[in-house]
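See below for the structure under consideration.
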Amino acid sequence: MTDQNNILHVSGLTKRFGGLTAVNGVDFTVRRGELLGLIGPNGAGKTTLFNLLMGLTVPSQGEILVEGQPIKGLKPHQVCQRGMVKTFQNVALFPDLTVLDNVLTGGLLRLSLAQANALAMVNLEKVGMSHIAHKRAADLTFPEKALVEMARALCTQPKVVLLDEVMAALNESEMDHVLALIRKLRQDDGITFLVIEHHMRAIMNLCDRILVLCFGQKIAEGNPREISQNPEVISAYLGQDLAEEHGA
Ligand SMILES: Nc1ncnc2c1ncn2[C@@H]1O[C@H](COP(=O)(O)OP(=O)(O)O)[C@@H](O)[C@H]1O
Ligand SMILES: [Mg+2]
């Protein structure tokens with residue numbers, strides 16, 4: 001548990017909403033610098049799991065350790081100070097602020113305004129969006145918004161980034177840009193990523209390991225090849241076509 005290679009450890013994590021168990025006894029460990037995919041049908045509990053990790057939702061049971069330390073009782077901004085950040089399934093920028101002002105808000109937890117401003121420019125450059133720094137957020141295209149939200153998340157100087165379907169509305173080449181960006185951030189900055197994504201090409205190409213949720217439970221965990229050939233995963237989620245495509 002105090003293994004320096006493990007950045008995140010989740011055990012027995014459960015969330016009930018009244019009679020519905022959205023996340024049910026989930027266990028997993030994430031290594032530092034790992035790219036972990038999280039897949040499963042709609043309503044499987046993926047977003048709820050991210051909300052539990054961020055302290056946006058209080059667990060009914062179970063434990064979450066970030067770098068060996070429990071995050072129980074912490075508010076989302078405190079979880080963020082521990083080094084974890086999440087982007088939202090529906091991008092949530094301040095529409096009337098400029099891109100730069102939106103992005104620099106990510107740095108204000110730790111930095112002065114001037115420092116946050118400088119870091120915002122660095123991160124806009126990193127995601128390839130510095131040319132739109134002074135545009136109003138409301139005027140951006142969807143792919144631009146997704147990248148700007150990523151830049152804002154990077155301004156919190158995270159160790160772990162949770163991406164909830166950031167590629168959902170992107171075309172193939174936009175998606176390739178985001179995939180390359182994630183790989184580069186892992187390589188250059190050592191950032192660990194947990195990625196929820198429905199697009200199987202993206203998840204299978206990107207991730208070291210994939211975790212499959214179904215009705216709140218973890219039904220499988222393994223590398224992309226193992227997951228694409230797992231009979232339970234195929235019947236619950238993937239379907240036969242994709243399994244064949246991946247050589248099952
Ligand atoms: N705040 C909430 N109150 C009640 N039920 C919720 C709430 N959030 C999510 N759920 C339910 O929990 C289940 C898992 O939802 P969610 O985590 O959004 O799934 P996914 O992201 O995998 O599609 C769904 O049945 C959903 O309706
Ligand atoms: Mg979701």
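Projected label points at residue 184 and residue 108, each 7 Å from Cα along the beta carbon direction, are separated by 2.8 nanometres.
Projected onto planes of every orientation and averaged, the convex hull of the alpha-carbon atoms in segment 131-205 covers 5.3 nm².
One compactness figure for segment 1-125 is 1.19, namely its Cα radius of gyration divided by 2.2 N^0.38 Å. When DSSP beta bridges are restricted to pairs lying wholly in the chain, around 55% turn out antiparallel.
Counting heavy atoms of the protein chains only and a 1.4 Å probe, report the per residue accessible area for segment 199-242 as a whole number of Å². Write out the running numbers ahead of the final one.
Numbers: 2040 Å² over 44 residues.
The answer is 46 Å² per residue.
Computed log10 I(q)/I(0) for segment 92-168 at 0.16, 0.18, 0.19, 0.20 Å⁻¹: -0.49, -0.62, -0.70, -0.77, from the Debye equation with unit scatterers placed on every C-alpha and solvent omitted.
Here is how the number arises for the chain: DSSP H runs of 4 or more residues each give -39500 (n - 2.57), the sum is divided by the residue count, and the result at 222 nm is -9500 deg cm²/dmol. Remark: segment 1-125 carries a charge dipole of roughly 320 debye about the Cα centre, counting +1 on each Lys and Arg Cβ and -1 on each Asp and Glu Cβ. Contact order, relative form, for segment 1-106: 27 percent (alpha carbon pairs under 8 Å, 6 or more residues apart, mean separation divided by residue count). Here's how it looks for residue 61: its modeled amide H is under 5 Å from those of 14, which are all 5 or more places away or on a different chain. Along segment 56-63 the Karplus relation, 6.51 cos²θ - 1.76 cosθ + 1.60 evaluated at θ = phi - 60°, assigns HN-Hα couplings of 7, 10, 8, x, 6, 8, x, 9 Hz to successive residues, with x for each Gly and Pro.
The radius of gyration of the Cα set in the chain, together with its Dmax, comes out at 17.9, 54 angstrom. Charge dipole of the chain (Cα centre as origin; +1 on each Lys and Arg Cβ, -1 on each Asp and Glu Cβ, all else neutral): 820 debye, rounded to the nearest 20. Accessible surface of residue 141 in the full protein assembly, 1.4 angstrom probe, to the nearest 10 Å²? It works out to around 70 Å².
For the chain, give the percent of accessible area contributed by carbon and sulfur heavy atoms, probe 1.4 Å, rounded to a whole number.
On the way: 5730 of 11200 Å².
Roughly 51 percent of what the probe reaches on the chain is carbon or sulfur.
The values are calculated or read from the model by the stated rules, or taken from the named source; none is laboratory data. All of these numbers come straight from a predicted model, not from anything done at the bench. Every residue, glycine as well, gets a Cβ built from its backbone with ideal geometry; the counts of neighbours run over all protein chains shown. For the accessible areas, the whole protein counts, side chains as well, though only heavy atoms, and no ligand, DNA or RNA atoms are used. Shrake-Rupley method; radii C 1.70, N 1.55, O 1.52, S 1.80 Å.
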